Structures are given as C-alpha cells and as structure tokens.
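Student: Can you keep this structure in mind? I'll have questions shortly.
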C-alpha cells in the first residue's frame, strides 16, 4: 500500500510547521524520514494518520485517507509515542484491548509478544517498563493486526545495541514481504544500514527525495586521500581546475574533492610525482545529511573557544 502526501501544509496560528510537502512511500522498501529537530516530521506523520488535520493538502494510504479504512489497524500500524499507554495495564492486556477492536485472535497477541521479546514480561504493568521495553511494546502494538503499512517514529530510541539490530532486521524483513515501511530516526549510521530510500525535510519543506547512495554521492562530501612527498606541487596542479578543492592535514597528505582518483593518478604520473597512497573515501550519510540540512537547523550551536571563566 503506497503512502502519498500531496501539498501537506500545517499552520498553528502564524507559525507554519509543514509547508507544501509532497512525497510518496512505496511498498517493498524501507523509507527513512529524516530532518533536524523541529523539521515537522512528527506533525507530518500525525497528518498521515489523520491525527492532525492539514491546513492544506491531503494524505492517503492505499488510495484513501487513514480514517476511511474500515479496519485501519489491518492496513496501517503506527508507533508515534511509545508511552501513550495506560501505566496500570499489563503489556498483554494492552495488546488484547487493541486486538478486540479489530477481531484479532489471542494467538496474534502471543506472536507479537514473542516477536518483540516481551513474552516474559507480558504480565508486568507498563508503568514499570524501561524506555526500551516501552519501545518494544509500541512496535508490538503497531504490528498487532499484521498491517500492510508500518509507520514508526524513532523506534530505536532507548534500545540497546541488540535492540537496534533487532529493529533493523525487523524493518528489512517487513519490506522484503512487500510491506510499506516509513521510519524516522536521528541515528544516521543506522539509517545508512536500514533505509533504501530517504525523504528529508527541513523547516517543514522537502529537501530531498532520494536513495542513500545518491544522496551521499551528490553531497560533495566524498574525497580522495593522497599521500605524496610532493604534496605542494600536486596541490598547485590540481587546484586550478573548476570545482576542485584541496585541503591538507599533514605536509605530505592531501584531501581532494571535486575530482576522482583516476584523474589525480594520471596528473601525478604525467608530472612524475610519486604517490604513496591514493584512496577514494566515501562520505557518510551523517555528513551528507548535515551538509544538506545545516541551514534548516532550528538551534545553531557555536564551537567552544575557551574555558568558561
């Protein structure tokens, strides 16, 4: 089931939180929904699920609004706020209450408890859950009716490394089954390992709708590391070309952006410059994301220049 957002706009008084946002999330892929704090991600997810009414535009899941589905939990499973559970309920009773609303059998409750690693604490009251256990219960609730579409807001928040790996494998397996998966996260390293596609927003506007590989490749953050005893001479030969940027971290080491390793190697060979190292270095998703969103960060921090008096 495809998720479509068309012209989504949300204003609170004179503050525009989401502005003319249009994107598509397709089945069979894990789509990462990224943006700095305050970018409008949670508001957008709430509009996708009909919890917030758009000021303009509309959103559909499987061709219709979420509220128009006769049995929405069978169509869309969502985790927006893991702690939005009555603290006096046990994990089992919370899931059973959800199951009763959609005719889901107890066997499915037992299945998602086992899937999320909560079987041993199924009878424990939620108020005693750790943050990570709460996240697992929220994911179990999202999957209770075996939905075709899954929308998760920061699902790895509070999880230990084993839990993060579990979520990664779970999302990939859901997508491999042909489901539509939309997930937000601030962990760029995890998104690089999990997501197939990215939708990135900043200050409520679409900044990129692309793959991880394309974003990293087009970011300009990738470079070639060169080690040579004639670094000064090689710098002079390469710096004159349009778009080429040469920096150095040591007298014999250069980092070169804007050209590739074969061109650098040919230039060095033509001028008899020996190379001890010529290594292409791929940019990280984190660096590409930071470069793309640096003007959209809500709160800009400054570097420390000295100790406080």
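The values are calculated or read from the model by the stated rules, or taken from the named source; none is laboratory data. These figures come from a predicted structure and were not determined experimentally. Neighbour counts are summed over all protein chains in view; Cβ atoms, including those assigned to glycine, are modelled from backbone coordinates with ideal geometry.
Student: Considering every residue within segment 115-133, establish whether at least one is part of a helix (DSSP H, G or I), surrounded by fewer than 21 Cβ atoms within 10 Å (Cβ to Cβ), in contact with a strand residue (DSSP E or B) (Cβ under 9 Å, 6 or more places away or on another chain) and without any contact (Cβ under 8 Å) to a residue 40 or more places away in the chain.
Tutor: Step one: filter segment 115-133 for residues part of a helix (DSSP H, G or I), giving 115, 119-121, 126-128, 131-133.
Pick out the ones that are also surrounded by fewer than 21 Cβ atoms within 10 Å (Cβ to Cβ) and you get 115, 119-121, 126-128, 131-132.
Those left that are additionally in contact with a strand residue (DSSP E or B) (Cβ under 9 Å, 6 or more places away or on another chain): 121, 126.
Right, trim to without any contact (Cβ under 8 Å) to a residue 40 or more places away in the chain and you get 121.
Looking through segment 115-133, at least one residue is part of a helix (DSSP H, G or I), surrounded by fewer than 21 Cβ atoms within 10 Å (Cβ to Cβ), in contact with a strand residue (DSSP E or B) (Cβ under 9 Å, 6 or more places away or on another chain) and without any contact (Cβ under 8 Å) to a residue 40 or more places away in the chain.
Student: Now a separate question. What residue, among those in segment 239-263 that are in a helix (DSSP H, G or I) and touching a strand residue (DSSP E or B) at 6+ places or on another chain (Cβ under 6 Å), is surrounded by the fewest Cβ atoms within 10 Å (Cβ to Cβ)?
Tutor: Narrowing segment 239-263 to residues in a helix (DSSP H, G or I): 239, 261-263.
From what is left, the residues that are touching a strand residue (DSSP E or B) at 6+ places or on another chain (Cβ under 6 Å) are 239, 261.
On the way: 239: 12, 261: 16.
The extreme case among them is 239.
Student: Here are some residues: 198, 182, 171, 234. Which one is surrounded by 16 or more Cβ atoms within 10 Å (Cβ to Cβ), at pLDDT 95 or above and farther than 21 Å from residue 150 by Cα?
Tutor: Numbers: 198 fails: farther than 21 Å from residue 150 by Cα; 182 fails: farther than 21 Å from residue 150 by Cα; 171 fails: farther than 21 Å from residue 150 by Cα.
Only one candidate qualifies: 234.
Student: I need the full set of residues from segment 213-227 which are touching a helix residue (DSSP H, G or I) at 6+ places or on another chain (Cβ under 6 Å) and either under 20 Å from residue 187 (Cα atoms) or not in a strand (DSSP E or B) (or both), in order please.
Tutor: Hits for segment 213-227 are 215, 216, 219, 221.
Student: Looking at 206, 174, 234, which one is touching a strand residue (DSSP E or B) at 6+ places or on another chain (Cβ under 8 Å) and not assigned by TED's automatic domain parsing to the domain that holds residue 17? Give the derivation first.
Tutor: On the way: 206 fails: not assigned by TED's automatic domain parsing to the domain that holds residue 17; 174 fails: not assigned by TED's automatic domain parsing to the domain that holds residue 17.
Among 206, 174, 234, only 234 is touching a strand residue (DSSP E or B) at 6+ places or on another chain (Cβ under 8 Å) and not assigned by TED's automatic domain parsing to the domain that holds residue 17.
Student: Follow-up. Looking at residue 104, is it more than 30 Å from residue 290 (Cβ to Cβ), surrounded by 15 or more Cβ atoms within 10 Å (Cβ to Cβ) and out of contact with any helix residue (DSSP H, G or I) (no Cβ under 7 Å at 6 or more places or on another chain)? Before the answer, list the steps.
Tutor: Working: more than 30 Å from residue 290 (Cβ to Cβ): yes; surrounded by 15 or more Cβ atoms within 10 Å (Cβ to Cβ): yes; out of contact with any helix residue (DSSP H, G or I) (no Cβ under 7 Å at 6 or more places or on another chain): yes.
It is true that residue 104 is more than 30 Å from residue 290 (Cβ to Cβ), surrounded by 15 or more Cβ atoms within 10 Å (Cβ to Cβ) and out of contact with any helix residue (DSSP H, G or I) (no Cβ under 7 Å at 6 or more places or on another chain).
Student: Continuing with this model, one more query. Hey, among 288, 283, which residue is part of a loop (DSSP other than H, G, I, E, B), at pLDDT below 95 and either surrounded by 16 or more Cβ atoms within 10 Å (Cβ to Cβ) or not assigned by TED's automatic domain parsing to the domain that holds residue 200 (or both)?
Tutor: Numbers: 288 fails: part of a loop (DSSP other than H, G, I, E, B).
None of the others qualify; the one that does is 283.
Student: Now a separate question. Going through segment 53-75 one residue at a time, which ones are at pLDDT 95 or above and in contact with a helix residue (DSSP H, G or I) (Cβ under 6 Å, 6 or more places away or on another chain)?
Tutor: 54, 59
Student: Restricting attention to segment 80-93, report how many residues are surrounded by 16 or more Cβ atoms within 10 Å (Cβ to Cβ) and under 24 Å from residue 52 (Cβ atoms).
Tutor: Residues flagged as surrounded by 16 or more Cβ atoms within 10 Å (Cβ to Cβ) and under 24 Å from residue 52 (Cβ atoms) within segment 80-93 amount to 3.
Student: Another question, if that's okay. Go through the residues of segment 156-172 one by one and say whether even a single one is closer than 21 Å to residue 41 by Cβ and out of contact with any helix residue (DSSP H, G or I) (no Cβ under 8 Å at 6 or more places or on another chain).
Tutor: No - not one qualifying residue is present in segment 156-172.
Student: Further question on the same structure: Determine which member of the set 40, 7 is touching a strand residue (DSSP E or B) at 6+ places or on another chain (Cβ under 8 Å) and within 26 Å of residue 193 (Cβ to Cβ).
Tutor: Numbers: 7 fails: within 26 Å of residue 193 (Cβ to Cβ).
It is 40.
Student: Any chance you could count how many residues in segment 24-39 are modelled with pLDDT of 95 or more, surrounded by fewer than 24 Cβ atoms within 10 Å (Cβ to Cβ) and over 15 Å from residue 174 (Cβ atoms)?
Tutor: 1
Student: From 112, 104, 150, grab the single residue that is touching a residue at least 60 places away in the same chain (Cβ under 8 Å) and either closer than 28 Å to residue 60 by Cβ or in contact with a strand residue (DSSP E or B) (Cβ under 6 Å, 6 or more places away or on another chain) (or both). Lay out the reasoning, then the answer.
Tutor: On the way: 112 fails: touching a residue at least 60 places away in the same chain (Cβ under 8 Å); 104 fails: touching a residue at least 60 places away in the same chain (Cβ under 8 Å).
Only one candidate passes the filter, namely 150.
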